[in-house]
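The values are calculated or read from the model by the stated rules, or taken from the named source; none is laboratory data. On a predicted model such as this, the values are computed, not experimentally measured, just so you know. Cβ sites come from the backbone with ideal geometry, for glycine too, and all protein chains shown count toward neighbours. Areas reflect the complete protein model, heavy atoms only, side chains present, ligands, DNA and RNA absent. Shrake-Rupley method; radii C 1.70, N 1.55, O 1.52, S 1.80 Å.
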Amino acid sequence: MRDQPSHLPPPQDVLELGAPEQFAALAHPLRQRLLFALGQRPATISRLAAQLDAKKGNVAHHLKVLREAGLVHIAETRQVRGGTEQYYQRTARRMVVAEPEAAGTAAMLAAVAQELDRSPAETHLTLRHLRLSPAKARELGETLTELVDGAEESTEDQPVHGVLVALYQQAPPTSTTSSA
């Protein structure tokens, strides 16, 4: 078995998503799955194709789109049997939508919906509306961020769990009555 490259953490801790090409890149299901697969460690096109049961040509194309959008990069290259093997890695450990807009929100929620559908274990999905003052909403947001960021990761032999956190102010109801 070949020795594995050293696995350095992604170069950024957090990447704020906001560019149209990033949202376009997130819009394809295979690209979402590639980002999730690269969340733990760098991988080659061949390894990703086998892991995701996809054709190497498709994986290579979608990695190119992700790379051009700044969502993945080549972490390492190695010479193997006269060729060059490239290890791809996410550019950030965590990706956040900087200023949520319909396209970015739809892409992120579609990725999560796909992951929930493919999950082999019980999932937890809750939507709840709370009446909060602006100060309490800010405090809850900070607490949620600390909870997710502070979660201790287990060893690599444990299953990967996804976490989506959203705190938003509900839009006021629109008036459906018209003046006559």
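Working carefully through the options Thr145, Thr126, Thr105, find the one that is loosely packed, with under 15 Cβ neighbours inside 10 Å, without any contact (Cβ under 8 Å) to a residue 12 or more places away in the chain and over 17 Å from Phe23 (Cα atoms).
Only one candidate qualifies: Thr126.
Report yes if some residue within segment 76-86 is under 14 Å from Pro42 (Cα atoms) and open to solvent by less than 20 Å² (accessible area, probe 1.4 Å); otherwise report no.
no
Which is out of contact with any Leu (no Cβ under 6 Å at 6 or more places or on another chain), modelled with pLDDT of 85 or more and hydrophobic (A, V, I, L, M, F, W, C), of Leu71, Leu109?
Among Leu71, Leu109, only Leu71 is out of contact with any Leu (no Cβ under 6 Å at 6 or more places or on another chain), modelled with pLDDT of 85 or more and hydrophobic (A, V, I, L, M, F, W, C).
Hey, can you tell me all the residues within segment 103-147 that are under 30 Å from Ala25 (Cα atoms), in a loop (DSSP other than H, G, I, E, B) and among the hydroxyl-bearing types (Ser, Thr, Tyr)?
Residues satisfying the conditions are Ser119, Thr123, Thr126.
Specify the residue that is most open to solvent (accessible area, probe 1.4 Å); the eligible residues are those in segment 19-29 that are farther than 19 Å from Ile74 by Cβ, of a type in the set (A, V, I, L, M) and within 12 Å of the chain's Cα centre (by Cα).
Across segment 19-29, the extreme among qualifying residues is Ala27.
Go through Ala69, Ala121, Ala98 for me and flag whichever is exposed (fewer than 15 other Cβ atoms within 10 Å of the Cβ) and without any contact (Cβ under 8 Å) to a residue 60 or more places away in the chain.
Every option except Ala121 fails the conditions.
Quick check on this structure: which one of Ala92, Ala111 is closer than 30 Å to Leu48 by Cα, open to solvent by less than 60 Å² (accessible area, probe 1.4 Å) and touching a helix residue (DSSP H, G or I) at 6+ places or on another chain (Cβ under 8 Å)?
Step by step, each of Ala92, Ala111 is checked, and only Ala111 is closer than 30 Å to Leu48 by Cα, open to solvent by less than 60 Å² (accessible area, probe 1.4 Å) and touching a helix residue (DSSP H, G or I) at 6+ places or on another chain (Cβ under 8 Å).
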